[in-house]
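These notes are about the structure you will find just below.
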Amino acid sequence: MSDEFSQAPDVVRAHVVVHGTVQGVAFRAYVRHHAQRLNLHGWVKNLPSGQVELEVEGGPDVVNVFLPFLHDGPSLAHVERVDVNWVAVMHDVTPFEIRR
């Protein structure tokens, strides 16, 4: 087997849309808290359609620890669905932020 297939990537990036009651319940702050705690990079924002959109970048193991938090959310949130798509890495080094 060649090295190209035997090594996992050092960094991955996920584009995520969270559906449900996720606006007006401190969901973005919840996401930022967990992302910063895990030293991940990216952003989170509300969509006009009522969902929350985010991109998160970091080591694959850490991103996979982070993603389950999105299914729970803060206590007033009700998450119906979380759509995750793996996208091209941006080599983002800025702290995780809330976008408006």
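Every number here is computed from the coordinates shown, using simple stated rules; none is lab data. Every value quoted in this text rests on a predicted model; they were computed, and no experiment measured them. Quick reminder, even Gly has a Cβ in these numbers, built from the backbone with ideal geometry, and neighbours come from all protein chains shown.
In degrees between 0 and 90, to the nearest 10, how far off the longest principal axis of the chain does helix 27-37 point, with axes built from Cα atoms? Computed tilt is about 30 degrees. The structure shown yields percent of Cα pairs over 23 Å apart, and of the options (i) 29; (ii) 23; (iii) 18 that calculated value carries the label (ii). Between residue 26 and residue 79, the simple spin-label model (points 7 angstrom out along Cα→Cβ) gives 1.7 nm. Note on residue 10 and residue 100: with the Förster distance fixed at 41 Å, the Cβ-Cβ geometry gives a FRET efficiency of about 0.85. Relative to the dominant Cα principal axis of the chain, helix 60-72 is inclined by about 20°. Largest GNM mean-square fluctuation across 54, 67, 38, computed for the chain with C-alpha springs under 10 Å, falls on 38. Each of residue 65 and residue 49 was given a label point 7 Å from its Cα along the Cα-to-Cβ line. The distance between the two points is 3.2 nm.
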